[in-house]
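Asks: Below you will find the structure I want to go over with you.
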Amino acid sequence: MESNRIASRRLGGSPLQVSPVGLGCWQFSQATGVAGRYWGQLPRETVRRIVGVSLQSGINWFDTAEVYGWGASENELSEALKYHGVKRGEVLIATKWFPLLRSAASIVRSFDKRMSALGGFPVDLYQIHFAGSWSTIERQMESMAELYEAGKIRAVGVSNFNAAQMRRAHDALARRSIPLASNQVRFNLLDREIEHNGVLAAAQELGISIIAYSPLAQGLLSGKFHANPDLIKLRPGPRRLQKRFRRAYLEKTAPVIERLRTVARKHDAAPASVALAWVTHVHGNSVVAIAGATKVRHAEANAAALRVKLSPDDLVELNGATETGKTVANS
């Protein structure tokens, strides 16, 4: 399938070259399992169209996880890629091992299930979903190294690791001459903790890429919930119960949306596209992002972000919308 070519970025010290924006696939969980029920069930045709728009835009990587429907998301992604004629090696796939109540031994033991769920597509980036295993970080990295050295994965990553945990993972892999490619953490205009808690600084020091998840704050930075606060009531799952979707928080963050709209008008773009472009611009090439999509228009807005080139003045304007290194309070 032909796609538009865009400048790629190297993921940490790994050989992986990724587009600045990838497609997050949590929403493909088909309402299966606890994590999967966060989103509603998507028709297969919608999944196919979302993946198709992403491919056509130049997005070359897709992020999923074991816990996203216990294989349902991986299955849906694989089916959509095959539908569009994508072959092994033509795109990059990242997935994650779920550590809760498990030891590091299951990283290797359960890997074939990930391959099966992905329908034969290889795992390019394998990540620890969070630091919650019964085993030490060092032992987890040993299991990851076993998969890496066997040629079953091309890169090792972590997710939701703090600075100290990330350093331990990096050091454990370095003893076997394997780079820690990435740390996937929450980062957007409303959630900027990594700028002051040491995660971003440590990642830049060690040459580890930050993969920003929730780069649109689960849709808040599109401005649609500010324009119509009742819209959240129509959404499935527990998102509608979160404090940040209530009117008080929407009013508190309205100035952020206004600044986004101001910059968006300059670029003839949607606020969501500008918010996503900010994530991938504000710290140079050290941050890439995964953006989800439950509708085709969301995928189109994600794709448009790849063409938004923010100027230094744009970044100053947007940085001023929230205090650097802080998170806008949830209440």
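The values are calculated or read from the model by the stated rules, or taken from the named source; none is laboratory data. Since the model is a prediction, treat every value here as computed from it, not as a measurement. When we count neighbours, we look across all protein chains shown, and the Cβ atoms used for this are built from the backbone with ideal geometry, even at glycine.
Asks: Any idea which of Leu318, Leu306, Leu310, Leu241 is of a type outside the set (Lys, Arg) and farther than 27 Å from Gly207 by Cα?
Replies: Numbers: Leu318 fails: farther than 27 Å from Gly207 by Cα; Leu306 fails: farther than 27 Å from Gly207 by Cα; Leu310 fails: farther than 27 Å from Gly207 by Cα.
Going through Leu318, Leu306, Leu310, Leu241 in turn, just one is of a type outside the set (Lys, Arg) and farther than 27 Å from Gly207 by Cα: Leu241.
Asks: Ok, one more. Any idea which residue in the range 83-106 is farthest from Ala65 (Cα to Cα), counting only those that are among the small types (Gly, Ala, Ser) and outside any helix (DSSP H, G or I)?
Replies: Across the range 83-106, the extreme among qualifying residues is Gly85.
Asks: Next question, about the same structure. Test Tyr213 against the stated conditions and say whether it is aromatic (Phe, Trp, Tyr), closer than 19 Å to Lys96 by Cβ and out of contact with any Gly (no Cβ under 9 Å at 6 or more places or on another chain).
Replies: Working: aromatic (Phe, Trp, Tyr): yes; closer than 19 Å to Lys96 by Cβ: yes; out of contact with any Gly (no Cβ under 9 Å at 6 or more places or on another chain): no.
Considered against the rule, which asks whether it is aromatic (Phe, Trp, Tyr), closer than 19 Å to Lys96 by Cβ and out of contact with any Gly (no Cβ under 9 Å at 6 or more places or on another chain), Tyr213 comes out as no.
Asks: If you take the residues in the range 184-207 that are among the charged types (D, E, K, R) and in a helix (DSSP H, G or I), which one is farthest from the chain's Cα centre (by Cα)?
Replies: Just the residues of the range 184-207 that are among the charged types (D, E, K, R), to begin with: 186, 191-193, 195, 205.
Next, from what is left, pick out any that are in a helix (DSSP H, G or I): 193, 195, 205.
Working: Glu193: 16, Glu195: 17, Glu205: 21 Å.
Filtering the range 184-207 for residues that are among the charged types (D, E, K, R) and in a helix (DSSP H, G or I), the one farthest from the chain's Cα centre (by Cα) comes out as Glu205.
Asks: A follow-up question, please. Among Lys266, Lys233, which is the only one that is charged (D, E, K, R), at pLDDT 95 or above and more than 17 Å from Leu190 (Cβ to Cβ)?
Replies: Result of the check over Lys266, Lys233: Lys266.
Asks: Residues that are of a type outside the set (Phe, Trp, Tyr) and surrounded by 24 or more Cβ atoms within 10 Å (Cβ to Cβ): find the helices (runs of 4 or more DSSP H) completely inside the range 233-308 holding 1 or more of those.
Replies: 254-267, 271-281, 296-305
Asks: Return the pair list, or none, for Cβ contacts closer than 7 Å from residues in the range 272-286 that are more than 12 Å from Arg307 (Cβ to Cβ) to residues that are hydroxyl-bearing (Ser, Thr, Tyr), at least 6 apart or on different chains.
Replies: Hits for this filter: Ala272/Ser222; Ser286/Ser209.
Asks: Next question, about the same structure. Restricting to the range 48-82, and then to whatever is in a helix (DSSP H, G or I) and among the β-branched types (Val, Ile, Thr), can you tell me which residue is nearest to Met115 (Cα to Cα)? Full working, then the answer.
Replies: So in the range 48-82, the residues in a helix (DSSP H, G or I) come out as 48-57, 72-82.
Subsequent filtering for residues that are among the β-branched types (Val, Ile, Thr) retains 50-51, 53.
On the way: Ile50: 22, Val51: 19, Val53: 25 Å.
Of everything passing the filter in the range 48-82, Val51 is nearest to Met115 (Cα to Cα).
Asks: Considering only residues that are part of a loop (DSSP other than H, G, I, E, B) and touching a helix residue (DSSP H, G or I) at 6+ places or on another chain (Cβ under 9 Å), which ones fall in the range 208-232?
Replies: Just the residues of the range 208-232 that are part of a loop (DSSP other than H, G, I, E, B), to begin with: 208, 214-219, 223, 228.
Scanning the range 208-232 gives Ile208, Pro215, Leu216, Ala217, Gln218, Gly219, Gly223.
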